[in-house]
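Take a look at the structure below.
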Amino acid sequence: MESHKKLLLANKAWVQDKLSVHPDYFARMEHTQTPEYLWIGCSDSRVPAEEVTGREPGELFVHRNIANLVIHTDFNMLSVLQYAVEVLKVKHVIVCGHYGCGGVKNALSNRHLGLINKWLRHIKDIYRINRKELEALDENQQWRRMVELNVIEQVKHLAENSIVQRSWKNGGLPLLHGWVYDLQSGLLKELALMNAESELDPIFRLDFGDEG
Ligand code: CO
């Protein structure tokens, strides 16, 4: 069988499976989505957001890109963030990285892979900022630590963002979480948590004036 047909066949089996437990499963799903979580994860095929958190369709709003980056000029990510925070009013935004991330590994090397290097270049800044800590580690430890530092940095990027800061001003949500997924154990680990009261370099505090 051609490999893509396996997916279509599995889809039919999945529908039957869901309907056998809840005959109205898809009818309920059709009209509304009220997820409490926005998940910003890596595109890596080994870290499926719903699966590793035991969630069903309708429970996670998901954005994935290579190395789970929050880039201030990425209109794709920003649109997802705005919709999740302002319309869906998610309570939590989770940035989830993973050990063994190929994107982070490439950023630690000098290998040029074309366009993707422009994207991963942002990770090199994290190396530069944390050079002292990282240079004391061996290659593998360095890779693991960079995965963690990358997650923590992306959570900070969220906290520096106007969409998040305005929402914090208007009610205190969402909570920002930084997690890392371990491919070997399947376990998630908490690395960072930020809320409206978290310390932020004053240069990134936005003044909304009388707005909102
Ligand atoms: Co990755």
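Partners of K169 within straight-line reach, counting lysines whose Cα lies under 27 Å from its Cα and excluding those fewer than 8 residues away in the same chain: K89, K91, K156.
Antiparallel as a % of all DSSP beta bridges within the range 35-196, to the nearest 5? The answer is about 25 percent antiparallel.
From the Cα gyration tensor of the range 74-114, with a ≥ b ≥ c the square roots of its eigenvalues, which class applies: rounded if a/c is under 1.5, or else prolate if a/b is larger than b/c, or else oblate? Taking the square roots of the gyration eigenvalues as a ≥ b ≥ c, the range 74-114 is oblate. Phi angles across the range 160-176 convert, under the Karplus curve 6.51 cos²θ - 1.76 cosθ + 1.60 with θ = phi - 60°, into 3J(HN,Hα) values of 7, 7, 5, 4, 6, 5, 5, 5, 4, 5, 8, x, x, 9, x, 7, 10 Hz, Gly and Pro given as x. Across all C-alpha atoms in the range 24-113, the radius of gyration and Dmax reach 15.0, 53 Å.
Taking amide H as placed 1.01 Å from N in the peptide plane, R64 has its amide H under 5 Å from the amide H of G41, each at least 5 places away in sequence or on another chain. Across the range 106-115, rounded Karplus estimates of 3J(HN,Hα) from the backbone phi angles (6.51 cos²θ - 1.76 cosθ + 1.60, θ = phi - 60°) give 5, 5, 7, 10, 9, 5, 9, 10, x, 3 Hz, Gly and Pro being marked x. Residues in the range 126-133 carry Karplus couplings, in order, of 5, 4, 4, 5, 10, 3, 4, 4 Hz; the curve used is 6.51 cos²θ - 1.76 cosθ + 1.60 with θ = phi - 60°, and Gly or Pro positions show x.
In the range 129-211, the portion of solvent-accessible area held by carbon and sulfur atoms comes to 49 percent [1.4 Å probe, whole percent, DNA, RNA and ligands not counted].
Using a 1.4 angstrom probe, figure out how much accessible area the chain has per residue, in square angstrom, rounded to the nearest whole.
60
Centre-to-centre, using Cα atoms only, the range 1-20 and the range 59-94 are separated by 29 Å. In the chain, helical runs assigned H by DSSP with n ≥ 4 each contribute -39500 (n - 2.57); averaged across all residues and rounded to the nearest 500, the mean residue ellipticity at 222 nm is -13000 deg cm²/dmol. A compact globular protein would have a Cα radius of gyration near 2.2 N^0.38 Å; the ratio found for the chain is 1.14. Summing charges over neighbours of Q165, with a neighbour being any other residue whose Cβ is under 11 Å away from its Cβ, gives +1 when K and R count +1 and D and E count -1.
The values are calculated or read from the model by the stated rules, or taken from the named source; none is laboratory data. Quick caveat, the model's predicted, so the values are computed rather than measured. Every residue, glycine as well, gets a Cβ built from its backbone with ideal geometry; the counts of neighbours run over all protein chains shown. Protein only, heavy atoms only, side chains kept; ligands, DNA and RNA dropped before computing areas. Shrake-Rupley method; radii C 1.70, N 1.55, O 1.52, S 1.80 Å.
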